[in-house]
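The structure appears right after this line, and notes come after that.
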Amino acid sequence: MSIADRIEAVLSTSAVPFYDVPPDFGRNDPPQSYIIYEYGSGKGYSYGDGKAELIQYLVTLNVFTPKPDFALYERLRSAMEAAGFGYDSEQRVFDDAFYPVGTHYCLDFSGVQER
């Protein structure tokens with residue numbers, strides 16, 4: 001299972017729409033709450049033959065809600081941890097005029113994937 005599959009498996013249990021790129025809602029109203037996830041690879045680990053056998057990934061869940069929803073953030077955090085991701089940090093970014101939903105909150109995780 002790829003790192004994206006693992007993230008999407010967690011997010012599919014949240015009952016909140018999610019995207020892997022910022023959506024273009026166009027003339028349609030955006031959902032009241034939604035998540036945009038992003039990830040990138042970091043360090044390699046366990047070099048037995050000169051090649052990394054494990055790759056660390058850094059994952060950010062950008063959660064957009066009308067107002068802070070700490071119960072949702074905790075559910076996401078618990079589900080990501082249960083899927084093997086390590087919790088790193090979280091923060092409220094700002095009220096984002098670009099996204100017409102009121103609160104932009106970020107949850108950061110790290111995970112390891114075998115090559």
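Structure values in brief
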{"read-out": "The chain: proportion of alpha-carbon pairs further apart than 18 angstrom, %", "value": "51 percent"}
{"read-out": "In degrees, nearest ten, helix 70-82 long axis to first principal axis of the chain (Cα)", "value": "20 degrees"}
{"read-out": "CD proxy at 222 nm, helix term only [per DSSP H run n ≥ 4: -39500 (n - 2.57); per residue of the chain; nearest 500]", "value": "-6000 deg cm²/dmol"}
{"read-out": "Of all accessible heavy-atom area on the chain, the percent that carbon and sulfur account for (1.4 Å)", "value": "50 percent"}
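The values are calculated or read from the model by the stated rules, or taken from the named source; none is laboratory data. A quick note: this is a predicted structure, and the numbers were derived from the prediction, not measured. Accessible surface areas use protein heavy atoms only, side chains included; no ligands, DNA or RNA. Shrake-Rupley method; radii C 1.70, N 1.55, O 1.52, S 1.80 Å.
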